[in-house]
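Engineer: First the structure, then my questions, so here it is.
Coordinate-derived values only; no laboratory data. Every value quoted in this text rests on a predicted model; they were computed, and no experiment measured them.
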């Protein structure tokens, strides 16, 4: 089983890509629990909310793993929640760094237009750049393998498909 996590700032194509590729490749997709949480409870977040989001994401991943998929696409994980914690509150609780990690993280660059969907925070240029840098910093802090995904929507999709093809080929899946 290969676990790939889509990681990065808001409005960089992670959710759309994960949904599309999971359907096309027959992969299991774990959507972003934080989006559902904020749609249900609002976006006035406290640290306790971020910890609850991390736990909800973990429960969703565990449920997906029970099906023993050959390819699991994660539309974020607790390392992204850690970036949110740093951005919103200036600290990262150790619990957020302690969850199981993906086999590979794909860091989606914030080099495409930002779209406000009602749950997004950091669309203005300096804030978006800072949040994108924090997302990358969390990958470095965690010491996980990762690759950068950049360019147009089409270029992003080509890059992600190539990475998935490489990983599944190397794993014999």
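Engineer: Grab the Cα-Cα distance for residue 65 and residue 125, subtract it from 0.36 nm times how many residues apart they are, and report the gain in nm with one decimal. It would help to have the intermediate numbers written out before the result.
Structural biologist: Values: separation 60, 0.36 × 60 = 21.60 nm, distance 3.72 nm.
Separation in residues times 0.36 nm, less the Cα-Cα distance, equals 17.9 nm.
Engineer: Using only the alpha-carbon atoms, how far is helix 153-171 inclined from the longest principal axis of the chain? Give it as 0 to 90 degrees, nearest 10.
Structural biologist: Approximately 50 degrees, to the nearest ten.
Engineer: Only helical DSSP H runs with n ≥ 4 go in: add -39500 (n - 2.57) per run for the chain, normalise by residue count and round the 222 nm mean residue ellipticity to 500 deg cm²/dmol.
Structural biologist: Details: 7 runs with 93 residues, N = 173.
About -17000 deg cm²/dmol.
Engineer: Between residue 43 and residue 165, what is 0.36 nm times their sequence separation minus the Cα-Cα distance? Round to one decimal in nm.
Structural biologist: Working: separation 122, 0.36 × 122 = 43.92 nm, distance 3.67 nm.
Net length gain for the segment: 40.3 nm.
Engineer: Just to confirm the number: angle between the C-alpha axis of helix 47-65 and the first principal axis of the chain, 0 to 90 degrees, nearest 10?
Structural biologist: Helix 47-65 sits roughly 10 degrees off the main axis of the chain.
Engineer: Relative to the longest principal axis of the chain, what angle (0 to 90°, nearest 10) does the C-alpha long axis of helix 14-25 take?
Structural biologist: Compared with the principal axis, the helix lies near 20 degrees.
Engineer: Could you work out the relative contact order of the chain? I mean the mean sequence separation of Cα pairs under 8 Å and 6+ apart, divided by the number of residues, in percent. Walk me through the numbers before you get to the answer.
Structural biologist: Working: 250 pairs, mean separation 56.9, N = 173.
Averaging sequence separation for qualifying contacts and normalising by length gives 33 percent for the chain.
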